[in-house]
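Read-outs throughout are calculated quantities, based only on the coordinates presented, and are distinct from any laboratory measurement. None of the values given here were measured: they were computed from a predicted structure. Because the Cβ atoms are built from the backbone with ideal geometry, glycine has one as well, and the counts that use them run over all protein chains shown.
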Amino acid sequence: MSQPAKKAKGFTDAEQAAMKERAKELKAEARANKDKVQGESDVLAKIAEMPEPERRMATRLHEIIKASAPAFSPKTWYGMPAYARDGKIVCFFQSAAKFQTRYATFGFNDSANLDDGSMWPISFALTELTAAEEEKITALVKKAVS
């Protein structure tokens with residue numbers, strides 16, 4: 001006569017699967033946070049290399065974007081500060097000094113939700129940041145996130 005199967009103590013298959021899934025989620029969150037921290041560090045290092053007044057503008061843009069779109073991940077893109085959502089660059093700053101142009105540029109990629117009819121601006125020349133420009137940029141970044 002065989003013994004009845006003993007019920008194993010411990011976690012069920014469903015519970016084990018749920019724990020494994022949660023462990024994966026925690027690892028993914030840790031990687032994302034590490035990437036965000038590393039990305040911000042890289043962006044701040046690139047900003048520190050810029051000559052004035054671009055360093056001041058890029059620093060202020062960084063602050064505005066972080067405040068207006070905290071979900072964005074800072075990262076460098078072509079060696080310049082950029083901000084991504086779900087791995088796609090949404091907005092970026094280009095230094096005039098690095099690209100030997102007349103003015104710095106703040107721009108948006110197609111992942112930004114700036115659509116307005118059949119034509120809208122996605123790139124802006126910057127020679128300085130006053131309160132008026134900061135207000136416009138804040139509104140554009142918030143719209144880009146929407």
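Observations, loosely collected:
- Taking the convex hull of Cα positions in the range 75-146, its mean projected area over all directions (nm²): 5.3 nm²
- Helical contribution to [θ] at 222 nm, DSSP H n ≥ 4, -39,500 (n - 2.57), averaged over the chain, rounded to 500: -16500 deg cm²/dmol
- Loop-located GluC sites (Glu not before Pro) in the range 117-146 (DSSP state not H, G, I, E or B) with no more than 16 neighbouring Cβ atoms inside 10 Å: 128.
- At 1.567 mPa s and 4 °C, Stokes D of the range 13-145 from Kirkwood alpha-carbon radius, µm² per second: 81 µm²/s
- Cross-link pairs 27/88; 88/143; 46/75; 27/66; 46/143; 36/88 - those with Cα-Cα distance over 19 Å: 27/88; 27/66; 46/143
- In sequence order, the range 63-74 has phi-based couplings of 5, 4, 5, 4, 6, 7, 9, x, 6, 5, 9, x Hz under the Karplus curve 6.51 cos²θ - 1.76 cosθ + 1.60, θ = phi - 60°, and Gly or Pro positions carry x.
- Sequence-distant contacts, meaning Cα pairs under 8 Å at least 6 residues apart, place the relative contact order of the chain at 17 percent.
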